[in-house]
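Q: Could you have a look at this structure, given as structure tokens, before my questions?
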Amino acid sequence: KKLHTAKERNKTGHYIAEGTRAVADAIKNNADISSIVICEGFACEADLSGYKVYELSKKLFDDAKLTVNSQGIIAVINYKLKEAKEIDLKETSSILYLDSVMDPGNLGTILRSADAFGMDAIVLSPGCVDVFNPKVVRSSMASLLNVPVYYDTDTDFLFENLKSEGFDIIGTFPRANELSSEHKYSLKTVLVMGNEANGISDKIASLCTSQLKIPMLGNTESLNVATACAVMLYEIMLEKIKRGECNG
């Protein structure tokens, strides 16, 4: 139950995945599962013989679960925080940098889009919501296990290295002059997406090498960050397909 809090997750290096789909995805993707907790009477279709399994009474299980529909099974998964300086920039072509994205649902959706559109890595700024927040884990489905996630612990160092390795650092801005649909995306690209309310911070904006805006026909001033991110990632993927880097 303590793993519902970021403090305990950081202290123990564990996070939780609730529900049959989430646990099955963790098993399928060879997640480092510490233990599995099931509710008494739970009929599991997955093979749990290789895992440490605890069975709780319904009362105790209901007290430990976070969601209404946890379906009677929870996995406790080990994780290790990785710093952005660990990314091999020479072997990486596409990075998504999230600048203070704070809504768990948005982050989970962004993780799924990054997975779907073939990003090599995701970097979270210090102001982002905890990627192992149960709501992020739930909304990201298995994508949290598919795309490497790193933490930015030294922004100046990271962006200096990105520029020295030839990355085009793209930020989206509502008043930018260049349209995202017309930009020539380079072989090495960093996409920066900003905070839900304030967009990209002034510091990160000053580090971008390209400023783009998403063309829109309607009257709304902006898109939800997860939606805008999906549009931009799709544009980057299309360029990869054109260059023959992937089949789509």
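The values are calculated or read from the model by the stated rules, or taken from the named source; none is laboratory data. Here the structure is a predicted model, which means the values were calculated and not measured. Neighbour counts run over all protein chains shown; Cβ positions are idealised from the backbone, glycine included. Only protein heavy atoms, including side chains, enter the accessible area calculation; ligands, DNA and RNA are left aside. Shrake-Rupley method; radii C 1.70, N 1.55, O 1.52, S 1.80 Å.
Q: In square angstrom, what is the accessible area per residue of the chain with a 1.4 angstrom probe?
A: It amounts to 52 Å² per residue over the chain.
Q: Enter the mean projected area of the convex hull around the alpha-carbon atoms of segment 77-180, in nm², rounded to one decimal.
A: The Cα convex hull of segment 77-180, projected and averaged over all directions, gives 7.2 nm².
Q: Follow-up question, since we're still on this one. Measure out, as a whole number of angstrom, how far apart the alpha-carbon centroids of segment 147-220 and segment 87-134 sit.
A: Spelled out, the Cα-based centre of one part sits 13 Å from the other.
Q: Students often forget the sequence filter, so: which lysines lie under 25 Å Cα-Cα from K213 once same-chain residues fewer than 8 apart are removed?
A: K163, K184, K188, K203, K240, K242
Q: Still on this model: Quick one: give the max-minus-min coordinate of the C-alpha atoms of segment 167-248 along each principal axis, largest first, in Å.
A: On the principal axes, segment 167-248 reaches 36, 30, 21 Å in Cα extent.
Q: Using Cα pairs closer than 8 Å and at least 6 residues apart in sequence, work out the relative contact order for segment 149-240, in percent.
A: It comes to 34 percent, rounded to a whole number.
Q: Here's another thing I want to ask about it. Go ahead and set up a Gaussian network model of the chain, Cα springs under 10 Å, then flag whichever of E40, E86, E221 fluctuates most.
A: Comparing E40, E86, E221 in the GNM, the peak value goes to E221.
Q: Please compute, for the alpha-carbon atoms of segment 110-248, the extent along each of the three principal axes and give them in descending order in Å.
A: 38, 38, 36
Q: Still on this structure: Quick one: which of 212-220, 111-119, 232-240, 2-10 comes out on top by average Cβ neighbours within 10 Å, and what's the full order, highest first?
A: 111-119, 232-240, 2-10, 212-220
Q: Right, here's the next one. Only one of the listed values, (1) 60, 41, 36; (2) 51, 42, 36; (3) 49, 45, 31, was derived from the coordinates as Cα extents along the principal axes in Å; which label is it?
A: Given (1) 60, 41, 36; (2) 51, 42, 36; (3) 49, 45, 31, the structure-derived one carries the label (1).
Q: So what is the 222 nm mean residue ellipticity for the chain from helices alone, if each DSSP H run of at least 4 adds -39500 (n - 2.57) and you divide by all residues, rounding to the nearest 500 deg cm²/dmol?
A: -9000 deg cm²/dmol
Q: In addition: If you roll a 1.4 angstrom probe over the protein chains with everything in place, what fraction of the accessible area of the chain belongs to carbon and sulfur, to the nearest %?
A: Exposed carbon and sulfur together represent 50 percent of the surface.
Q: What are the semi-axes of the equivalent ellipsoid for segment 1-66, taken as the square roots of 5 times the Cα gyration tensor eigenvalues, largest first, in whole Å?
A: 19, 17, 10
Q: Based on alpha-carbon atoms only, what is the radius of gyration of segment 1-124 relative to the globular estimate 2.2 N^0.38 Å?
A: Normalised Rg, Cα atoms only: 1.20.
Q: Can you give the % of DSSP beta bridges in segment 115-233 that are antiparallel, to the nearest 5?
A: 10
Q: In the Gaussian network model of the chain, springs joining C-alpha atoms below 10 Å, which of D156, D202, D25 carries the largest mean-square fluctuation?
A: Taking springs between Cα atoms under 10 Å, the residue moving most is D202.
Q: Can you list the residues, at least 5 places off or on another chain, whose amide H is less than 5 Å from the amide H of V123, using H built in the peptide plane?
A: HN-HN under 5 Å from V123: L96, Y97, L98, Y150.
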